[in-house]
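The values are calculated or read from the model by the stated rules, or taken from the named source; none is laboratory data. Because the structure is predicted, anything quoted here is derived from the model rather than measured. Glycine gets a Cβ as well: all are built from the backbone with ideal geometry, and neighbour counts include every protein chain shown.
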Amino acid sequence: MSSDKQGFARRPFRSLLTESDESKGIFALLDQGVVSGTGFAVNILLARFASLDEYGAYVLAFSILLAIAGIQCALITDPLAYLYASQANDREADYSRGLLFSQLSLAAACLIVVGLVVGLLSALDVDNSLRTALMGLGSALLFLQMRELCRRLLFARFQVLTVLGLDLSYSFVVLLGLAFLLFSNRLSARSAFIVLACGGAAASAVGLYGLRDVFSGKGIWKPMRLAIVTNWPFARWHLIGMIGGFGYLQANTFVVAAILGTTSAAVLHASRNLLMPVEMLLVGAGNFVTPRASSYFTKDGQKALRVFVKRWGGILSAITAIYCGLVAIYPQLLLQLLYGAKYSDATTIVRLWAVAFMLFALRRAPSIGLVAMRRPDIIVKTGLLGFIVSLAVCIPTSATVGVSGAVLARIASEVGMLTVILTQYVTFKKDNSTPASPSII
């Protein structure tokens, strides 16, 4: 293992500040702060100024967007994060173009499905708020997916400053649009999605310009075939894992809405919003740490990877513990600051969310380590376990104790997944000199 990489693995903060390559990690975290901060602002404004029904409809529609994003991650963006670096120079452009055409095809298929759902709700005259929210989602779908594809490609190429510019343009347009909606008294679930569509369009334009060198070229089907064949060994696991991931992350939203109504779904997510800064940290770090961890394993073996994962896992867990502790101690104050008196009775739910996110932080680093070691199958099986546990606990507890029951279900699933992930990561054995190939998974 080279001395510069040893230094980074042992002294991540110092290395980020002094080594030009590793300093991109700071910009990756800053970028995720911009992205998640924008999402945080949208959620807070809707939760505070829109009606409970309207915010509940936005939450349900956004959960559907997350399911679609999960399919995108499984088939396209997650595999490219691990496999892009292995593409030879003469295949890089074809692989990138194949991802682009695959993304356009996926967006078209998802848009058709959303349109059919809107038509069905219209025919049945069911929940006008949800129907209009889904119409807004349809307007934003293509642009938001294209933005995410560009982000992940740029991250894979370590063009982090370009990603930051992309997301700053997105945030500027979205925040400007939100300000207009607030002052014109037009804030709703549908109008919020339209604003997201405008931001996604602006960000996609910046991203496509930054990737113009790899998107240039001819042909459609050959690049698509290359992308599909290259991604499939990872995508087949991630696609199944998406079911588990969506289940333990979002199933409680639909269970609460079905049993208790959309207003309870609004309460569930309004209280969760207080923990969104933790999500910003963990997701933002993952965008940079995941490809870096994969690079360590590929070039230097399992021992170097474990040092890297241990250092970053400790940093992320410590920061998360401090924040979650403060939220658990002062939930009433934070609810009052964000929402006024609207959700003042949700203090118990907030404290439960703090426990759930602390558990999530503890399993984040070893999960990245397992994926870097070419074992996405373990993550898939663990996600399915989390889905089963969450659903089995959520239905009876939501019916008996209300919204708090849904968060208790999330805690139960996190405990189960953390146990499995840590056990598998600690006991995993692999010859350092022969990192696993995705083709043998």
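In the range 202-216, what residues are in contact (Cβ under 8 Å) with a residue 12 or more places away in the chain and among the aromatic types (F, W, Y)? Once the filter is applied, which keeps residues that are in contact (Cβ under 8 Å) with a residue 12 or more places away in the chain and among the aromatic types (F, W, Y), the range 202-216 yields only F215. Going residue by residue through the range 376-398, is there one that turns out to be at pLDDT below 95, assigned to a loop (DSSP other than H, G, I, E, B) and either within 18 Å of the chain's Cα centre (by Cα) or surrounded by fewer than 23 Cβ atoms within 10 Å (Cβ to Cβ) (or both)? No, the range 376-398 has no match at all. Test of understanding: among A321, A341, which residue is surrounded by fewer than 18 Cβ atoms within 10 Å (Cβ to Cβ), in contact with a helix residue (DSSP H, G or I) (Cβ under 9 Å, 6 or more places away or on another chain), of a type in the set (A, V, I, L, M) and not in a helix (DSSP H, G or I)? Result: A341 is the single residue among A321, A341 that is surrounded by fewer than 18 Cβ atoms within 10 Å (Cβ to Cβ), in contact with a helix residue (DSSP H, G or I) (Cβ under 9 Å, 6 or more places away or on another chain), of a type in the set (A, V, I, L, M) and not in a helix (DSSP H, G or I). For the range 196-216, the criterion of being closer than 29 Å to S413 by Cβ, under 22 Å from the mean Cα position of the chain (by Cα) and not aromatic (F, W, Y) is met by at least one residue.
Among the residues of the range 150-182, write down those that are among the small types (G, A, S) and either within 26 Å of D78 (Cα to Cα) or crowded, with 18+ Cβ neighbours inside 10 Å (or both). Of everything in the range 150-182, those that are among the small types (G, A, S) and either within 26 Å of D78 (Cα to Cα) or crowded, with 18+ Cβ neighbours inside 10 Å (or both) turn out to be A156, G165, S169, S171, G177.
Just the residues that are charged (D, E, K, R) and crowded, with 16+ Cβ neighbours inside 10 Å, please, taken from the range 183-216. So that I can check it myself, show each step before the final result.
In the first step, residues of the range 183-216 are kept if they are charged (D, E, K, R); the result is 186, 190, 212-213.
Matches in the range 183-216: R190 only.
Checking the conditions here, which among V420, V380, V415, V389 is within 15 Å of G245 (Cβ to Cβ) and without any contact (Cβ under 8 Å) to a residue 60 or more places away in the chain?
V420
Determine whether the range 255-276 contains at least one residue that is among the hydroxyl-bearing types (S, T, Y), touching a Ser or Thr at 6+ places or on another chain (Cβ under 7 Å) and at pLDDT 90 or above. No, the conditions are met nowhere in the range 255-276.
Across the range 111-134, not a single residue is classified as surrounded by fewer than 21 Cβ atoms within 10 Å (Cβ to Cβ), modelled with pLDDT of 90 or more and either in contact with a Cys (Cβ under 6 Å, 6 or more places away or on another chain) or not in a helix (DSSP H, G or I) (or both).
Name the residue that is surrounded by the most Cβ atoms within 10 Å (Cβ to Cβ), counting only residues in the range 399-430 that are more than 20 Å from A270 (Cβ to Cβ) and hydroxyl-bearing (S, T, Y). Looking at residues that are more than 20 Å from A270 (Cβ to Cβ) and hydroxyl-bearing (S, T, Y), I get S413.
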